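Comments concern the structure below.
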Amino acid sequence: MSQHTLAVLVENSPGVLARVASLFARRGYNIDSLAVGPTENSEISRITIVLNLQGHALDQVMAQLYKLVNVIAISEMPAISTVHRELLMLKIAGSKQNSEVFDVVKKFGAAVVDETDGMLTIEATGESSHIQALLLALTPFGIKELVQSGLIALERGTAALSDRTLSAQGISTTHVIDVQGDYQN
């Protein structure tokens, strides 16, 4: 089996994620990571899916995804030409006086984003291996709670899935999000 990352552009409408996820369930494929969010176009969402597949199963999955009416575009995101990231937030008991914890946080480029009631909330972003190494380093301090996002990915350089696929289908790519999150034409 080999790991594959897919970027799927879909219409931003109710039920689309359920239809995509049920396609994998019906075929018996396990999703290792799933992240969904808005794109630069308010009518389009991007789903990033990580899964392990054997042989020609990837082609079958992509063909089945394309059959879903709300799917606009699909792209496999090879590691060599893609930037992958995950977000991790966790809580551990501690205080600003606990220099060992802060040394680990600094070493991994993470940040303490909250200190309340003797608990430190730590945030980190990075590749999966970086996140796993940070978790391993912080485990001896007693992780109280953690949440980890699914993997997200973008192609390196000027290549953009949305530009090449949406323009080819006659969908406007001029909707952008300004820094306040408002949509503009």
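Throughout, read-outs are computed from the coordinates displayed, never taken from laboratory work. Everything numeric here is computed off the predicted structure, so don't read it as measured data. Cβ coordinates were reconstructed from backbone atoms using ideal geometry, including for glycine residues, and neighbour counts include every protein chain displayed.
Structure summary
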{"quantity": "Vicinal HN-Hα couplings computed from phi for the range 129-141 (Karplus, 6.51 cos²θ - 1.76 cosθ + 1.60; Hz; Gly/Pro x)", "calculated": "5, 5, 5, 5, 5, 5, 4, 4, 5, 8, 3, x, 8"}
{"quantity": "Normalised convex hull volume, the chain, alpha-carbon set, Å³ per residue", "calculated": "160 Å³"}
{"quantity": "The range 63-141: GluC sites (Glu not before Pro) in DSSP coil with no more than 16 other Cβ atoms inside 10 Å", "calculated": "E127"}
{"quantity": "The range 18-28 - phi-based ³J(HN,Hα) in whole Hz, Karplus 6.51/-1.76/1.60, Gly and Pro as x", "calculated": "4, 5, 5, 4, 5, 4, 5, 5, 4, 8, x"}
{"quantity": "Net charge of Cβ neighbours under 11 Å - reference L151; Lys, Arg +1; Asp, Glu -1", "calculated": "-2"}
{"quantity": "Whole-Å semi-axes of the ellipsoid equivalent to the range 82-148 (Cα gyration tensor, √5λ, descending)", "calculated": "20, 11, 10"}
{"quantity": "Amide H contacts under 5 Å for S33, placed H, 5+ residues apart", "calculated": "V50"}
{"quantity": "Sequence-distant residues sharing a close amide H with T39 (under 5 Å, placed H)", "calculated": "I44, R46"}
{"quantity": "Computed [θ] at 222 nm, helices only, for the chain once each DSSP H run of length n ≥ 4 contributes -39500 (n - 2.57)", "calculated": "-8000 deg cm²/dmol"}
{"quantity": "Whole-Hz couplings from phi, Karplus 6.51/-1.76/1.60, listed for the range 64-77; x for Gly and Pro", "calculated": "5, 4, 4, 6, 6, 4, 8, 7, 9, 7, 9, 9, 7, 10"}
{"quantity": "For the chain: relative contact order, % (alpha-carbon pairs under 8 angstrom, 6 or more apart)", "calculated": "25 percent"}
